[in-house]
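For reference, the structure is listed below as structure tokens.
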């Protein structure tokens, strides 16, 4: 009898390893498996862009090289020019130039640019009115391309009420926001994890599970401490 039980237990272990479970693929399960190393890796993905921005600020002639590469169709260079013009120290620099470069980068397939463009179009800035519908379209494209921050930004856009109380597919804005947050959390973006943890804490759209919510919030806190430690060591 005991031998039979051991055989069944061993079979269960093998099945757990070899047979993919449906719940292993859902966004919440993926979010639960996030760790600090994955979150740090996600953050470091943008280091090259900001290193290029710093290089331009230290060496103005570098700008001409970046512009040449951007005009030749190099997507990372387009991203750099877009962010540079958005954050330009020249006070009368038109925001439109930054948007133009961001559009070009997004249309060239940059998930980063799609997200940034969606975020920018969701708000009123320098006399330009917000365009929530266009913002949603770009954020959804960024999500489809795998950009974690896009889900978080789209979730906030739904929760703001800017896209109305319901979606075209029949979901409420609250459910659509949760779906977007889950997309972000599954890719280990800290903002998405925080939003999902809050939903689990209150049982808002997800089964109430304060233990899991607290564990997720502690992970975000550990990530923040790791970032502070890196910055303290002079690393980005």
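Values in this text are rule-based calculations from the coordinates and carry no lab data. What you are looking at is a predicted structure, and each value in this text was computed from that prediction instead of being measured. Cβ sites come from the backbone with ideal geometry, for glycine too, and all protein chains shown count toward neighbours.
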Contact order relative to length for the range 139-221, counting C-alpha pairs under 8 Å separated by 6 or more residues, stands in percent at 23
Pull out a ≥ b ≥ c, the square roots of the eigenvalues of the alpha-carbon gyration tensor of the range 98-151, then state rounded if a/c is under 1.5, prolate if not and a/b is larger than b/c, and oblate in the remaining case. oblate
Listed highest first by mean packing, meaning other Cβ atoms within 10 Å per residue, what order do 201-209, 26-34, 110-118 come in? 110-118, 26-34, 201-209
The range 191-236, relative contact order in percent, only Cα pairs under 8 angstrom and at least six apart counted: 29
Among rounded, prolate and oblate, which fits the range 24-232 when a ≥ b ≥ c are the square roots of the eigenvalues of its C-alpha gyration tensor, a/c under 1.5 means rounded, and a/b larger than b/c means prolate? oblate
Neighbour-count ranking for 75, 172 (other C-beta within 10 angstrom, fewest to most) reads 172, 75
Per its Cα gyration tensor (rounded if a/c is under 1.5, else prolate when a/b beats b/c, else oblate), the range 147-211 is best filed as oblate
Order these by the 10 Å Cβ neighbour count, fewest first: 190, 211. 211, 190
